[in-house]
Structure formats: structure tokens, C-alpha cells
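The values are calculated or read from the model by the stated rules, or taken from the named source; none is laboratory data. None of the values given here were measured: they were computed from a predicted structure. Every residue, glycine among them, receives a Cβ derived from its backbone with ideal geometry; neighbour counts consider all protein chains shown. Areas reflect the complete protein model, heavy atoms only, side chains present, ligands, DNA and RNA absent. Shrake-Rupley method; radii C 1.70, N 1.55, O 1.52, S 1.80 Å.
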Amino acid sequence: MKLVTAVIKPHKWEDVREALETFGVNGMTVSEVSGYGRQKGHTEVYRGAEYDIALVPKIRIEVVVDDADADDVVGIVVKAAQTGRIGDGKVWVSPVDTVVRVRTGEVDGAAL
Amino acid sequence: MTALAAAPTVLAAGAGAGLDPGLDPGDTAWLLAATALVLLMAPGLALFYGGMVRSKSVLNMMMMTFGALAVITVVWVLVGYSLAFGDDLGAGLLGDPRQYAGLGQLMSAASNGSAHVPLILFAAFQGLFCVITGALVSGAIADRARFGAWLVFVALWTVVVYAPVAHWVFDVGRAGRAGHAGGWLVNRLGLVDFAGGTAVEICSGASGLALAMVLGHRIGFGKDPMRPHNLTLVMLGAGLLWFGWFGFNAGSALGADQAAAVVFTTTLVAGAAGSLGWLALERYRDGHATSLGAASGLVAGLVAITPSCGSLSPLGAIVMGGAAGAVCAWAVGLKYRFGYDDSLDVVGVHLVGGVVGTVGIGLLATAAAPTGVDGLLYGGGVAQLGRQLTGGGVVLVYALVVSGVLGLVVDRVLGFRIDEEHEVTGIDLVVHAETAYDLHATAGARTAGHGILGAITQPAAQPSSPRREGEPRP
């Protein structure tokens, strides 16, 4: 199993969710996060005083999927979240040893 | 403070209703309304200032305004009004503190001399001028002043700073009353200050500068971001201030008459022009016309028109307001250059705006306006300009020095500044045991005593947002 983690622009969240549901992903964990990439943040001006705002709001999506689906899920997220402009985000894949469904005690594939 | 001609029929109606025959019901009704409008400026200022501080300080910021409202009102009744408007003790420097102490003497007093309004209502109206002036000062020391020390300071400041200056500027004297020569700036020097460019704006700005220097800058000033936490509060507060300012300025006519109508109009015009002036400068300088700039420019225009509202034509008010907006937008940057941390720009907006308005009378005043004075550009020569410069300078120096000494005394005796650790934690929580916002579900659940169950039954935040392009980069 793989954990697919995606950090995307907030306004692309609905597109990504719809694409993943259409693919058949049953559940995911979503959080509002902030961070920055190579281009850093942005500048705001208050009464002439400029503030460099380093952290930009983002959405982080975490999905655990079967090994065979991982590449497809990554592709779906990238396609749905892409605007072509800076700050579109990142997607990465990590190995997962075990998954347990709390309610039933099912493990791994049955628990997804 | 213009004389009023009351119509005999109105007086007769007033007498029939049980009013003092010296009173004008129309004038009295307007001053009652105007006084309530000035009171509205206090919560307006609390919102204006509260929105500009960080979220951990908003309640303390608002409490400094509300605390000033409470303390100054009481001190004003006890001795403040008498010091400002009691019979002159000599040389126009101070009123007799015993004459109206407690205001009980005004319970059945007749009209305010030339103005046909109850003297006790005039006392309440003027008391709220002191309230708003004192509350303005607090913007210079946001985030770092001990609340108790602030209350003590503002009580003493009412007595030693505001009341004497109000006597100099606002006590026009009363015809036919021996010993009531009034204040020296208005009666001897010939300063024109219709509603308080010196006593309110320059006085609050200079006092704020003094306190900012006494307390020192906030931790992280110039390094950490200290951006406003809620600009919608700022906009709402600025709107309420503008509304209240009509009572402040037009109420100062002390009558429902032509002078009040002219002043009302110049106040309207200058606020609008001030907003445009600030926006134009920052659009040119920074590339953006901001909401904080619109609200700040509005206030800057109103500050400048406060002394000059009775001296200008509506076109003059456009020039005055626009100039104040642009000059104040430039002046708020001075604190970074000189290193004093005037947190919310009391100096940049009120001191500088007050100077623009006070001195500008010497240039832009027209004798066609209620105060009947011509400025330099209207053929009045340089004499009035000199009076305005002198009056403004005297109030600036007095308020700066006396407020500074008073601040040092309070700091030495009580300690004016909160602990460094508390300042970083947030003054709301430490000083008031409250926080303005419950932004995290878990925090609310913990304090409510419901444990983690309380947290997980909170509705989850939906991270969805409208699917729109063109969001800020990246």
C-alpha cells in the first residue's frame, strides 16, 4: 500500500476530490495547511509598510491506496490540481506497512 | 461656538413646555443628538483600533477605549469640566476647579450664555470630547501597556493635560460675566479652532508620541509582521467615526442653525477627499489602493477639518481633506525612520492631520464661512497664519512635555509596561483572562470541559472554496 500526499492550491480542492471519487477512492484525510515553495510567499502593504508573508495557505490531501493504484492516483491529482502557474503544489508517495479499520479490525486491502 | 438668534415663537413654545425661557428647544434637541453622536465615536474608535492590532491584542485595545470612556467621564464630572470651563483663574490658563466640581451646580442652571442650550448638556458634550481625545492616545501604546496603569494615566492626563488645553481653546468666555474671560489661545491670541484641531487632535497626537517614547517599542517592532488582524472592523469603525464626527463638528456650533449646516457639509466633504488623497498617494507609491488606506484617509481628512470646519468653503474642504489624506499617508512612515513605535499611527494621522488642519486655516479660511476669518490665500495676510502656528505649537509642546512627564511618573510608580513574556503571549489573555476569538475547535472543547468529545462533535471546517481563477500568487 501507498500513502499519496498532495499539497495543492485551495481552490483546486473540489476538482481533486471529484476526480478521486470518480476514480473510486473511498476516503481521504484533508487539512488546511500553510507553507511555501521556491517562489516564497507574497507581499502585503499596510499603511505603506510592506510585509513579506512567507506562508501561503494550501490544502493537504492524504489517501492510502493499493500499490497498483498509486500511480493512477498521483496522475489524477496532478491533472486535477494543475493550473500551470507557480504554486500549484506537490504530490509524493510513501510506503505504508499496515492499515487497520478501527470499527471492524480488518487489515490492509480490506481496510481501505 | 457661535452666537444663536432664537426665534421668539420657539422660545414661547419652550416656555410652555416647562423649559427655561433662555433655552432654545431646537438647539437643545440638536445638541442632545450631537452629544450622543460623539459618544458613538468611542465604540467606533474601538473597532477602528481593534481591527488594526493583532488578534491576541484586540480586546485590550478596545478596553483601553472603553476604559478611557469610563474613567474620563467620572473625572470630567468631578473636576475636569470645572478646570476647563470654570471662571478663569487669571491669564486664561485654567478654570476654577471648585466652581463646577461634581456638576451639581448645573442641575438647574440656565443656558450657556450666548448659546441657548442647557449648561449641563454642554458639560456632557465637552466631556465626550475629552473621552475621545484620551482614547485616541491609547493607539500609540497598543499591545504593551498595563491596563490599570493606563486608567491611572488617563485620569491624571484629563486633569493636567486635557482640561487646561480645553480651557485655552474651547472656553470662549461668556459675555457679561465678570471673571469669565475664557482661555488665552482663543480669546487673547485669536486662534481659530472650531471643534478641536489643537485641543483634540494635536493634543492626542503629541500625548501619544510622548507615551510611545516612554514605553518603548513593541517586541519585534520593525522585524516581525504586525499587520492588522481584521480590516473589516477597521472599515466599520471608520464609518462609525465619520457618523459620530458630524455630532463632534456640527454639534460644536451649539445650535441647529446655518453654521451647523455649513460645518456638517465641510465635515462630509473633507472625509471623502481625505480618503481619495490617501488612496491616490499609496496607489502612486505602493501600487495598491488599500482598504486600510481608504479608512485611514477618511479619518485624516476628518482630523484636518475638525479645526477648520467652520472656516472653509466646501471647495476649501476638498483641498484641506485631500491634502491631509496625502500628507498623513506619507507621515505614517516617519515612525520607521525615527524609530518610535506609535503602534496605530496616532502621530501620523492625528498630530500631523491636526497640524495640517490648524495651520491650513491660516491659508484656506474664507470670511464667508461661519468663523468669518480670511486666510492668506483669501487676502487675509499672514497674521492669522501666525496665530494658528503659535496656537498649534504651544499645544503640541505642552501636551508632549506634560504627557511625557506624567507617563514617566506612572511608569516609575506603577510600571506602565507588561512583562516581555506576557507581551509575546498576548495581552488579552494575560491582562483580561479573555481571548477575542475561538479559532480552534479543540481549544473551545478543552475550556468547555467536554474533553476530546467536545472537539470532535464540532462541525469540521470545510476547506472547499469557490473555483475561481486569479487568486493571489502563487
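Quick notes on this structure:
- Additional length obtainable on full extension of the chain from B:Val401 to B:Glu434, 0.36 nm per residue less Cα span: 8.4 nm
- Mean per-residue shielding of peptide B:393-404 is 0, counting Cβ atoms of other chains within 10 Å of each Cβ.
- Cβ neighbours within 10 Å from other chains - mean over A:47-57: 6
- Each label was represented as a point 7 Å from its Cα along the Cα-to-Cβ direction; for B:Ala383 and A:Val107 these points are 10.2 nm apart.
- Candidate membrane-span-like segments in chain B, meaning DSSP H helices with Cα atoms spread over at least 24 Å of their own axis and a Kyte-Doolittle mean of 1.0 or above, are B:25-52, B:58-75, B:119-137, B:231-250, B:291-308, B:314-331, B:383-413, with no membrane implied.
- Residues of the stretch B:155-268: accessible area per residue with a 1.4 Å probe, Å²: 31 Å²
- Between A:Tyr36 and B:Ile219, the C-beta separation translates, for a Förster distance of 30 Å, into a calculated FRET efficiency of about 0.75.
- The slack between B:Val424 and B:Leu78, meaning 0.36 nm per residue of separation minus the straight C-alpha distance, is 120.8 nm.
- Estimated from helical segments only, the mean residue ellipticity of chain A at 222 nm is -6500 deg cm²/dmol, where each DSSP H run of four or more residues counts as -39500 (n - 2.57).
- Shape category assigned to chain A from the gyration tensor of Cα positions, a/c cut at 1.5: prolate
- Site pair A:Val100 and A:Thr5 shows an inter-label distance of 2.2 nm when each label is modelled 7 Å from Cα along Cα→Cβ.
- Stokes-Einstein D (µm²/s) once Rh is taken as the Kirkwood radius of chain B over alpha-carbon pairs, at 20 °C in 1.002 mPa s: 93 µm²/s
- Peptides A:40-49, B:131-140 ordered by average Cβ neighbours within 10 Å, highest first: B:131-140, A:40-49
- Shape index of the protein assembly as shown: Rg/Rh, with Rg the Cα radius of gyration and Rh the Kirkwood radius from the inverse mean 1/r over Cα pairs, equals 1.11.
- Here is how the number arises for chain B: DSSP H runs of 4 or more residues each give -39500 (n - 2.57), the sum is divided by the residue count, and the result at 222 nm is -18000 deg cm²/dmol.
- Additional length obtainable on full extension of the chain from B:Arg98 to B:Arg337, 0.36 nm per residue less Cα span: 81.5 nm
- Paramagnetic label zone (point 7 Å from Cα along Cα-to-C-beta, B:Leu414; backbone N under 16 Å) in the stretch B:73-99: B:73-76
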